[in-house]
Amino acid sequence: LKVCFGFHFRIPMLVVVVCDPASPVAAAVPKIDGVEFLFSDCAAQVKDTGRAGQVECIIFVAMGAPESALFEMYDVCPSVKWFHCFSTGVDCQQEFTFEKLLPRSEIVLTNGKGAFSESLGEYIMMAALHFNKDVTKCLENRKHKTWDKFVMPVLQGKTMGFVGFGNIAEEGAKRAKAFGMKILALRRSEQPHPLADECIPMSRKLELFERSDFVVCTLPGTRETRDFVGAPEFKAMKNDAVFISCGRGFVVDETALVAALKDPKDGIAAAALDVFKVEPLPQESPLWDCPNLLLTAHNADFTSDYMDLGWKVWIQNYEAKVAGQGYVTVVDKERGY
């Protein structure tokens, strides 16, 4: 159990952070006047303090504790009305949200929306440039001392289609537009979006895959998005198109993706994945053997200031609460984002 607090002149707001007390998240905790933090992944420890009934907010850090710890903490902290997920994706606590939070409308769930989106926007463009400029060939040519003056394409004029158009996609779209790319957005709402040249409704889903040179999937992990991108979607893509995934891994049918990457006739040119169905990616996964795949270990957003960025979003919500305003990053508990 680790206790951190700022100077205050009133009874502090007690916040439990569900994670290992030795976690980097604890090391980066901000000192906020009027807030006391308890870091623990053990509900019994919090109960033993005799102050569990005073806890007003619970922050869940998925990288530092299992979802079961959140269930246990909920049971010993009966007064909590605010839960916060440190990460953007709340699928890490999906069962807890549906079982405990959804039935209770008075409880607010917020997340780290926007904290890590800029780095993911950069990742999207890195992946697009990697394949557009054929960086693999450049490295091979240098390795073999081959002077190969091949035609090098440009991104300008190409079409980037986003499957889902939330905060991460918006950051990617901003950067893609700076390269002169056309932006398509597949989203629930058919209303125009200032960053999209065209918004495509879900009923015309395959059209986005057919028209895009780069398809970027940033969908959140919900019960409705499992295997949202599969064989029909990959088959609809152009043979020279690239698929980029940096939302949630179980949104993509990995078996269908491997087939598409290994099919020279009806498949796709390449893919970049930062997220996977099972993490760490098992050694036996066929994805490791796809030469036209850029693979990263779910670290596209793991920047040197990751912890500080995460805390910044929580502070924004806390300040809004203290000011009597609405929370900033409220999650729709039923939709899961």
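Shown in residue order for region 51-61 are the 3J(HN,Hα) couplings computed by the Karplus curve 6.51 cos²θ - 1.76 cosθ + 1.60 at θ = phi - 60°: 10, 4, x, 9, 5, 9, 9, 10, 9, 9, 10 Hz (x for Gly and Pro). A 1.4 Å probe run over the protein chains yields, for region 28-114, 39 Å² of accessible area per residue, whole-number rounding. Between Asn239 and Ser285, the modelled labels are 2.9 nm apart [label points 7 Å from Cα along Cα→Cβ]. Full extension of the chain between Ala178 and Ala231 gives 15.9 nm of extra length, using 0.36 nm per residue less the Cα-Cα distance.
When each of the peptides 286-293, 138-145 is scored by how many other beta carbons lie within 10 Å of its residues on average, the order from highest to lowest is 286-293, 138-145. Full extension of the chain segment joining Trp147 with Lys312 gains 54.5 nm, where the gain is 0.36 nm per residue of separation less the Cα-Cα distance. Span-like helix check, the chain: qualifying full DSSP H segments, with Cα axial length of 24 Å or more and mean Kyte-Doolittle of -1.0 or more, are 306-322. Between region 164-232 and region 243-314, what's the alpha-carbon centroid distance in Å? Value for the Cα centre distance between the two parts: 17 Å. In this structure the amide hydrogen of Asn111, modeled in the peptide plane, comes within under 5 Å of the amide hydrogens of Cys85, Thr329, Val331, none closer than 5 places in sequence on its chain. Taking label points 7 Å from Cα along the Cα-to-Cβ direction, Glu334 and Ala28 give a separation of 3.4 nm. Quick check: from the Cα gyration tensor, does region 138-207 come out rounded (a/c under 1.5), prolate or oblate? Cα axes put region 138-207 in the prolate bin. Could you name the lysines whose alpha carbon sits less than 28 Å from that of Lys333, not counting residues in the same chain fewer than 8 places away? Straight-distance partners of Lys333: Lys47, Lys81, Lys100, Lys113, Lys205, Lys277, Lys312, Lys321. Taking a ≥ b ≥ c as the square roots of the eigenvalues of the alpha carbon gyration tensor, region 8-65 is oblate, as a/c is not under 1.5 and a/b does not beat b/c. Taking label points 7 Å from Cα along the Cα-to-Cβ direction, Glu106 and Val135 give a separation of 5.2 nm.
The value obtained for region 239-315, namely the Cα convex hull volume divided by the number of residues, is 107 Å³ per residue. Diffusion of the chain by Stokes-Einstein, at 37 °C in a medium of 0.692 mPa s and with Rh set to the Kirkwood radius over alpha-carbon pairs, works out to 152 µm²/s.
Once the mean of 1/r is taken over each pair of separate Cα atoms and inverted, region 88-184 shows a Kirkwood hydrodynamic radius of 16.6 Å.
Phe302 sits with roughly 120 Å² accessible to a 1.4 Å probe, with DNA, RNA and ligands left out of the calculation. Of all lysines in the structure, the ones whose alpha carbon falls short of 16 Å from that of Lys149, not counting any fewer than 8 places away in one chain, are Lys133, Lys137.
The values are calculated or read from the model by the stated rules, or taken from the named source; none is laboratory data. A quick note: this is a predicted structure, and the numbers were derived from the prediction, not measured. We place every Cβ from the backbone using ideal geometry, glycine too, and count neighbours over all the protein chains shown. Each accessible area value is taken on the protein alone, full model and side chains, heavy atoms only, with ligands, DNA and RNA left out. Shrake-Rupley method; radii C 1.70, N 1.55, O 1.52, S 1.80 Å.
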